[in-house]
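Have a look at the structure below, then the notes.
The values are calculated or read from the model by the stated rules, or taken from the named source; none is laboratory data. Please read these numbers as outputs of a predicted model, since none were measured by experiment. Methodologically, a virtual Cβ is constructed for each residue, glycine included, from the backbone with ideal geometry; neighbour enumeration extends over all protein chains shown.
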């Protein structure tokens with residue numbers, strides 16, 4: 001049975017209201033609000049993103065309640081992470097901030113014979129996390145995105161933005177019958193799934209938010225999240241031109257089950273099935289624009305087993321594009337293993353990605369696969385490729401020496417279908433590539449150096465060379481070089 005969008009939204013709203021009513025009633029069943037939340041499903045697998053050294057990409061995923069004890073604070077910035085607003089400390093405020101200064105140089109921008117481009121960007125973000133006991137929270141975050149350089153044209157709102165409210169939400173949570181339940185409503189980041197499919201797109205100056213509702217239930221061995229979001233259209237001026245866009249909706253259910261630890265000779269694996277839907281009133285493929293309703297049925301297996309780190313995801317995509325059926329597939333596999341013992345042992349990896357293609361330039365089924373909001377820098381630091389009509393195979397090696405990590409990767413890239421185009425990171429085609437016969441898109445050579453100066457400060461530098469293959473050169477596109485470096489500070 002298919003739920004109509006209006007009914008689905010009513011269902012999600014009812015779930016959110018129910019969670020908000022139940023959570024406060026759970027106060028009598030739980031520990032005092034000043035204590036840590038009960039341990040249920042492993043936090044790393046709850047779809048909030050990685051938290052490293054206490055810091056997260058989604059800053060609301062951080063928990064600084066331990067700094068209630070002054071002995072746990074190292075400097076004056078720690079004083080900003082836990083500010084008691086009541087005498088008993090049950091109501092408290094945590095402030096956060098980030099500064100990222102970045103410069104990037106592009107040769108052959110757009111893969112054309114054109115003057116070099118230099119893009120300088122500055123991200124300034126401030127956030128406030130208000131906790132009212134253990135069960136109610138208000139979170140707000142604003143970002144200024146500055147941009148300048150040479151030959152940069154008119155940057156979009158994700159690159160240059162005077163001021164944008166990237167997040168503004170309220171959430172409630174509680175414990176009922178041994179299960180943690182909760183609901184979050186408002187503008188928020190969403191990272192519940194493979195980063196190849198859903199992300200904040202940190203390569204841009206402004207992280208990409210959604211607006212809507214997310215409801216969850218977590219037990220000891222499983223959890224499930226239901227969500228219904230609109231996308232957010234970003235302007236380039238102040239707060240009044242960044243609006244929720246009901247022409248695009250992303251909704252669905254993601255679950256997760258912890259694989260028994262004694263499997264595969266000892267493991268920490270998670271199996272995450274999902275059913276998603278992405279609705280767009282005006283999706284463009286080839287020379288046509290039509291409404292698209294795309295359904296995703298898939299699963300992700302990720303974690304560690306027998307010394308191997310894996311992240312595998314598969315998604316079957318169906319639905320309708322105008323009057324045509326959608327028949328597409330995505331497959332993402334990333335695996336790596338340490339060669340030797342200790343943190344300094346080299347780590348060898350292999351990535352294989354497949355996105356089906358075809359249908360944009362004929363009248364048959366739409367076979368082009370597209371992610372809801374994946375990370376395009378997996379395929380190109382300079383954002384020139386995306387896993388639409390793509391096959392990619394990329395071996396890599398990473399070496400850590402103290403606080404510095406060196407990574408090298410070579411990616412071979414091909415078209416899945418010769419009858420369709422090569423696609424940019426924006427899912428738009430390179431015009432004319434659908435008319436050439438070559439399957440080989442080219443090779444990408446990449447180097448990265450990451451230096452963690454402290455938990456708050458990091459430096460990063462990248463170089464990439466795209467050696468264009470016949471699928472690009474036969475249509476008049478060029479090879480390209482790219483370099484970038486940035487410093488990131490956060491508290």
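Buried (at least 23 other Cβ atoms within 10 Å of the Cβ), over 26 Å from residue 397 (Cβ atoms), within 24 Å of the chain's Cα centre (by Cα) and free of Cβ contacts under 8 Å to residues at least 60 places away in the same chain - does that describe any residue in segment 334-357? No: segment 334-357 contains no residue that is buried (at least 23 other Cβ atoms within 10 Å of the Cβ), over 26 Å from residue 397 (Cβ atoms), within 24 Å of the chain's Cα centre (by Cα) and free of Cβ contacts under 8 Å to residues at least 60 places away in the same chain.
Report whether or not residue 426 is modelled with pLDDT under 95 and touching a helix residue (DSSP H, G or I) at 6+ places or on another chain (Cβ under 9 Å). Yes, satisfied.
Look through segment 88-108, keep the residues that are on the phi < 0 side of the Ramachandran plot and at pLDDT below 95, and return whichever of them is surrounded by the fewest Cβ atoms within 10 Å (Cβ to Cβ).
First, pick out the residues of segment 88-108 that are on the phi < 0 side of the Ramachandran plot: 88, 90-107.
Okay, now just the ones that are also at pLDDT below 95, so 88, 90.
Working: 88: 10, 90: 15.
Ranking the candidates gives 88 first.
Residue 437 meets all of the listed conditions (1) in a strand (DSSP E or B); (2) in contact (Cβ under 8 Å) with a residue 24 or more places away in the chain but one, namely (1). Taken together, 322, 303 contain a single residue that is at pLDDT 95 or above and crowded, with 17+ Cβ neighbours inside 10 Å, which is 303.
With in contact with a helix residue (DSSP H, G or I) (Cβ under 8 Å, 6 or more places away or on another chain), closer than 28 Å to residue 374 by Cβ, in a strand (DSSP E or B) and touching a residue at least 40 places away in the same chain (Cβ under 8 Å) as the only criterion, which of 203, 127, 174 stands out? I'd like the intermediate steps shown before the answer.
Numbers: 203 fails: in a strand (DSSP E or B); 174 fails: closer than 28 Å to residue 374 by Cβ.
Just one listed residue meets the conditions, 127.
Could you list all residues from segment 306-319 that are surrounded by 18 or more Cβ atoms within 10 Å (Cβ to Cβ) and under 9 Å from residue 194 (Cα atoms)? If the condition is that a residue be surrounded by 18 or more Cβ atoms within 10 Å (Cβ to Cβ) and under 9 Å from residue 194 (Cα atoms), then 313 is the only one that fits.
Provide a single number: the residues in segment 121-145 that are closer than 20 Å to residue 240 by Cβ and crowded, with 16+ Cβ neighbours inside 10 Å. Here the count works out to 8.
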